[in-house]
Every structure is written in C-alpha cells, then in structure tokens.
Amino acid sequence: MKIVITIGGSIIIKEYDHQKFKAYAEILDSLKDQHEIFVVVGGGQPARDYINIARNLQGGEANCDDIGIDVTRLNAKLLIMALGDNAYPSVPENFHHALEYSTSNRIVVMGGTEPAHSTDAVGAILAEFVKADLIINLTSVDGLYDKDPNKNPDAKLYTEVTASKMMEFLSDKEVKAGTYEFFDMTAIQMIKRSGIKTIIANGNYPENLLNVLNDKIGTTIIPE
Ligand code: UTP
C-alpha cells in the first residue's frame, strides 16, 4: 500500500528528546519493505511557543503560521536523521517535491506547506496528490469521542464516522495559528473529496502504527 502517516508534534516532540523519533524510525523501518510511506510531522509545543512569541511581536496570523511551519520542518529533519538511509535526506517544501523525492524509493518526511491549516491537512492533500491508499493520523487521543473524554469519563469512542459528520463536529472550531485542534476542516474536506480511507489513532504508542494496519484500533473516517 501507499500510506501517508501524520504524526502529531504533540506526540513526537512531547518529551523534548530523541526517544519517540527513534521509536518511530524503528517501526517505519519494519514497514518500508511492504509499503510506500510518506510521513508528515507536526509542530507540537515548540511550534506553539514560537507562535506565541511571534504573536506578541504582532507578527500577524499568517506569519505566526509560517513560524509554525518552520518548526514542523525542524521536527521532520529530526525524524529524517533518526531514519538514516531509509529516508530521503531533504524535507520537501511542497507536494511536487514530495512526489519527486519518493522516486528514490525511500521514506519521504515533510512538515507543513503553507499558512492557514495544520499538518493534518498537509497529510490529506499529500495523500490525494500521491494517490495514497490510506491515511493514518496519529494523534494524542484514541480517536474521535462523542464528548470530551478528559471531562466525561463515560465518553464513547467512535470506531467509524463519516467525513460529513466530522465536519459538523468541527464547524465551530477556531481558525488561528497553533490551534487547529484535533483535526482541521481543510483536512476533512480533502478526505471527503479524495475518497481515501483515514484512520485516527493514538500515536503516543508507536507500535499502534502496526495495530492500525491490522484494523484493530482507532476511529476510521469513511470518506462520504
Ligand atoms: P500542527 O498544528 O500541524 O502541528 O502545526 P501539531 O502540533 O503536530 O498539531 P497536533 O499535535 O496534531 O495538535 C503547528 C502549527 O504550524 C502552522 C499552524 O499554525 C499550526 O498550528 N502550520 C502547520 C501551518 O500554518 N501550515 C501547515 O501546513 C502546517
């Protein structure tokens, strides 16, 4: 399969150390012979810290996004370093370059592209661009719940949800640098348009990447 994997910065750089980069590099190494893999890495807390500084300097939202993009690319560089020869050595800054780098038969790792969306959207656009079979969105929760699981212990995890239903959930969310929470609208629109199956799963445990492929966990977004 051709798979686009998005790894939230809130996971990979959570502890500000190399461990998750290394753990992900090992899992990706075990998958690279059976699958063609593209990875999109998020910005996490360092992106939010830099964005806050930019916002306090009255940088304007698009510039704040741009700062966030730079941090996602730094995180992408770290994953490339962890992957060694398994990864293409440069971070593509756009989808054409991602496609071009993939002809090396190595894992392509990128961060953000342009302002006004999250790396979830980058993953969804990239998936359409490269004609992926599957998107795996690794985030800091188990998937989509009917209510906030942190505030409601009885919250139920959806095993499946349509893209249209997700749009309803996301319609009142904020559009501001550093706050494209959980899943942004552009991402879900792209998933619906491209018809590519997407699975959201908890990426705090890198081995979940294997569990997702065995259809065991997370929330599947049905692109309709
Ligand atoms: P993300 O919000 O995608 O990273 O990018 P994240 O921290 O991994 O998100 P989680 O973990 O899924 O919550 C950080 C910031 O960079 C800017 C946005 O401001 C975003 O909030 N960004 C990123 C863009 O403007 N465009 C992009 O293509 C990517």
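For segment 70-172, I need the span (max minus min coordinate) of the C-alpha atoms along each principal axis, in Å, sorted largest to smallest.
46, 26, 26
Along the Cα→Cβ direction, 7 angstrom out, place labels at Ser90 and Arg193. What is the inter-label distance in nm?
Label-label distance for Ser90 and Arg193, simple model: 2.7 nm.
Relative contact order of the chain: what whole-number percent is it, with Cα pairs under 8 angstrom and at least 6 residues apart?
Once divided by the residue count of the chain, the mean separation gives 24 percent.
Distances longer than 31 Å among the Cα atoms of the chain: what percent of all pairs is that?
The answer is 14 percent, as a whole percent.
Between Phe169 and Ser104, what is the FRET efficiency for a Förster distance of 35 Å, r being their Cβ-Cβ separation, to the nearest 0.05?
My answer for the efficiency is 0.35.
In debye, nearest 20, what is the charge dipole magnitude of the chain about its Cα centre with +1 on Lys and Arg Cβ and -1 on Asp and Glu Cβ, if you could check?
Dipole of the chain, to the nearest 20 debye: 80 debye.
Grab the beta carbon distance between Lys156 and His35, set R0 = 25 Å, and tell me the FRET efficiency rounded to 0.05.
With a Förster radius of 25 Å, E is 0.20.
What is the list of residues in segment 46-80 whose amide nitrogen lies under 11 Å from a point 7 angstrom out from the Cα of Tyr16, following Cα to Cβ?
46
Using the charge dipole of segment 81-215 (Lys, Arg: +1 at Cβ; Asp, Glu: -1 at Cβ; taken about the Cα centre), state which of Val141, Ile191, Met81 has its Cα farthest towards the positive end.
Among Val141, Ile191, Met81, the one farthest towards the positive end of the dipole of segment 81-215 is Ile191.
Segment 1-110: which GluC sites (Glu not before Pro) are DSSP loop and have at most 12 other beta-carbon atoms within 10 angstrom?
Glu15
What is the distance, in nm, between label points placed 7 Å from the Cα along the Cα-to-Cβ direction at Gln58 and at Asp70?
It is 2.0 nm.
Run a plain Debye calculation on segment 14-106 (Cα atoms as equal point scatterers, no solvent) and give log10 I(q)/I(0) at q = 0.21 Å⁻¹, rounded to two decimals, same order as the q list.
-1.03
Values quoted throughout were computed directly from the atomic coordinates according to the rules given, and no laboratory measurement underlies them. A quick note: this is a predicted structure, and the numbers were derived from the prediction, not measured. Reconstructed Cβ throughout: ideal geometry from the backbone, glycine too, with neighbour counts over all protein chains shown.
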